[in-house]
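Here's the structure, in structure tokens; my notes come after.
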Amino acid sequence: MPAVPALYDNPRSSNALKVRFLLAELGLEYERREVSLAHPRPAEYLAVNPLGGIPCLVDGDLVLAESNAILRYLARREAREDLYPSEAVGAARVDQWLDRVALSLRPALRRVEDPALGFVPGQGFGAAPPDWELAARRAEEIAGTLAIFDGLVDPSGHALERFTIADCAAVPVLWRTLRTRLDLAPYPGLLRWRETLTARPAFAAAGPVG
């Protein structure tokens, strides 16, 4: 019997959470191997993933880092066309959302997360007291970006018209808005997106941690 995949992750890593979310959606067994978020990363982990990013998936002979690459791989491994189509147009639409989340939505929300959750480079979240005043100012600064995304998400409560790996990529940062006190009421599309995704049983099974 082949060994189950091993996921090197950390409970507080948003990138690791999105992979655990997809693994839960797929119903796949896997072994969790926790890696410290502190820098420098442990030498034994750097031997697996020299860049040190979290997470990293080991599946047989495959060692795969970068969370979005892992999402694509797992969906294809399980032949889940509904989550990540094989045809060019469908894949491109999902890829566009993966890039939108990684390059625009996540950096914008991170501007609020860092002061609200006490992020310190090299030490991680919770290393400093929360600065709610700075978080509130930054929430105003990213309002334009949030308004754009509010108009882009599908009325179904997903990035597109159905659940895909793009939603797996987005849910950790959407869920964190519950902890950063970022009010999504002015953005009903984003609020619906967060509520739809966090209500899925697989999200709870993924073990989200603040």
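Structure summary
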read-out	value
Subset tally (residues that are in contact (Cβ under 8 Å) with a residue 60 or more places away in the chain and part of a loop (DSSP other than H, G, I, E, B)) for the stretch 181-210	8
Enumeration of residues in the stretch 125-147 that are open to solvent by less than 70 Å² (accessible area, probe 1.4 Å) and either among the aromatic types (Phe, Trp, Tyr) or outside any loop (DSSP other than H, G, I, E, B) (or both)	PHE125, LEU134, ALA135, ALA136, ARG138, ALA139, ALA143, GLY144, THR145, LEU146, ALA147
Subset of the stretch 93-119 (residues that are assigned to a helix (DSSP H, G or I), open to solvent by less than 60 Å² (accessible area, probe 1.4 Å) and of a type in the set (A, V, I, L, M))	VAL94, LEU98, VAL101, ALA102, LEU105, ALA108, LEU109, VAL112, ALA116
Residue that is modelled with the lowest pLDDT [pool: residues in the stretch 12-38 that are loosely packed, with under 15 Cβ neighbours inside 10 Å and within 22 Å of VAL173 (Cα to Cα)]	ALA38
Among the residues listed as ALA47, ALA43, the single one being of a type in the set (A, V, I, L, M), open to solvent by 60 Å² or more (accessible area, probe 1.4 Å) and either in contact with a helix residue (DSSP H, G or I) (Cβ under 9 Å, 6 or more places away or on another chain) or under 26 Å from PHE119 (Cβ atoms) (or both)	ALA43
Subset tally (residues that are farther than 30 Å from GLU81 by Cα and open to solvent by 40 Å² or more (accessible area, probe 1.4 Å)) for the stretch 148-190	6
Boolean, LEU178 is in a helix (DSSP H, G or I), at pLDDT 95 or above, in contact with a Phe, Trp or Tyr (Cβ under 6 Å, 6 or more places away or on another chain) and not charged (D, E, K, R)	no
Filter pass, GLY122 being open to solvent by less than 60 Å² (accessible area, probe 1.4 Å), in a loop (DSSP other than H, G, I, E, B) and in contact (Cβ under 8 Å) with a residue 40 or more places away in the chain	yes
Filtered residues of the stretch 71-92 (kept if crowded, with 21+ Cβ neighbours inside 10 Å and of a type in the set (Gly, Ala, Ser))	ALA75
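The values are calculated or read from the model by the stated rules, or taken from the named source; none is laboratory data. Source: prediction; values computed, not measured. FYI the Cβ positions are ideal-geometry reconstructions off the backbone, even for glycines, and counts take in every protein chain you see. Please note that ligands, DNA and RNA were not included when accessible areas were found on the heavy atoms of the full protein model with its side chains. Shrake-Rupley method; radii C 1.70, N 1.55, O 1.52, S 1.80 Å.
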